[in-house]
Amino acid sequence: MWISFSLLQAEKWLREQAQQYGWTQAAKLKGRNTSQGLITVTVDGHHAALAEINCETDFVARNKKFHNLAEVVVSTVLSHAKSQEIQNEVQRTIFHADNLKNLPATDGKPLSDHSALTIGNVGENISLRRALAISVRSPDLTLFGCTHPAPMNPIPVSFGKYGALVAIKCEENDNMLGTQLCQHIIGMDPQKIGNPRVDEPHNNADEEQCMIYQEFLLDPSLSVQQLLAETRAEIVDFARFEIGEELDEEPTLKSVLTCG
């Protein structure tokens, strides 16, 4: 019993020392450029999350410990979304860096503690840049997500340099359509879904920013609008993250009505 207690105390002391060292390293490395990293995506039923976690080098971005941190971050964002009441048909919650750092993970510690611990382990500056969660209330809506490069096998949390989420309304749960639309969003970078009653197609197809008028990435003979008509589906919301992309404005933590 005494030996067991001593081991527990020793393990606790080691964890505390590792956390303290991590915060010391974080203070030393603060301000160093973090242009590399991962976009991470996870989808679970009526909730999905997307997060960007940055580091200094691609070498660390491939490190298992960095992957573990990225998984903790996006899973924490997903858990937060699940804990909130869904007030609209589609609800998104946006997190800027400060919101993200202060979110408590499943162990009760803020994500900033997890980040500092990883900094101590990998020896590079790390920043939790942003995250986003989408939740849907209607059973007619389905969420899909993917990253690029895509993982070899389906996994609950995927990592890449790009990531996308899409919420679609369709008669059947069409996994292929949802994945293909995510791939289109990553590759074509639409700025909005588009409304045929309001928006006109761009004169130059290469500069088209409305998704419905873009050539479908996987079959350029079709527009996305034609694809949706053929599959009797509707896009109601989407999101796209790219590592290191410039942000127009710093988002704040809020819920946004995207479809009434």
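As a rough footprinting exposure proxy, the listed residues Tyr162, Tyr213 were ranked by other beta carbons within 10 Å of their own, and the order from fewest upward is Tyr213, Tyr162.
Hydrodynamic analysis of segment 133-260 uses the Kirkwood radius over alpha carbon pairs. Inserted into Stokes-Einstein at 10 °C and 1.306 mPa s, it gives a translational diffusion coefficient of 102 µm²/s.
By count of other Cβ within 10 Å, fewest leading, how are Ser138, Ser75 ordered?
Ser138, Ser75
Count Lys and Arg as plus one, Asp and Glu as minus one, and take only other residues whose Cβ is under 13 Å from that of Leu177; the net charge is then -4.
Expressed in nm to one decimal, what extension gain is obtained for the pair Asn33 and Asp248 from 0.36 nm per residue of sequence separation less their Cα-Cα distance?
Difference between extended and current length: 75.5 nm.
Of all the Cα-Cα pairs you can form in segment 83-192, what percent are over 21 Å apart? In whole percent, the long-distance tail amounts to 51. Starting from the Kirkwood Rh over alpha-carbon pairs, what translational D in µm² s⁻¹ does segment 41-144 have by Stokes-Einstein at 20 °C and 1.002 mPa s? The calculation lands on 152 µm²/s.
Annotation for Arg232 and Asp189: the two label points, set 7 Å from Cα along the Cα-Cβ direction, are 3.7 nm apart. One chain, two ends: Asp140 and Glu200. Fully extended at 0.36 nm per residue, the span grows by 18.8 nm beyond their Cα-Cα distance. As a length-normalised measure over Cα pairs under 8 Å and 6 or more apart, the relative contact order of segment 1-242 settles at 21 percent.
Here Rg/Rh (Cα atoms, Kirkwood Rh) was computed from the coordinates, and among (1) 0.94; (2) 0.97; (3) 1.04 the match is (3).
The numbers here are math on the coordinates, done by the rules we state, and not lab data. On a predicted model such as this, the values are computed, not experimentally measured, just so you know. Cβ: placed from backbone, ideal geometry, glycine included. Neighbour counts: every protein chain shown.
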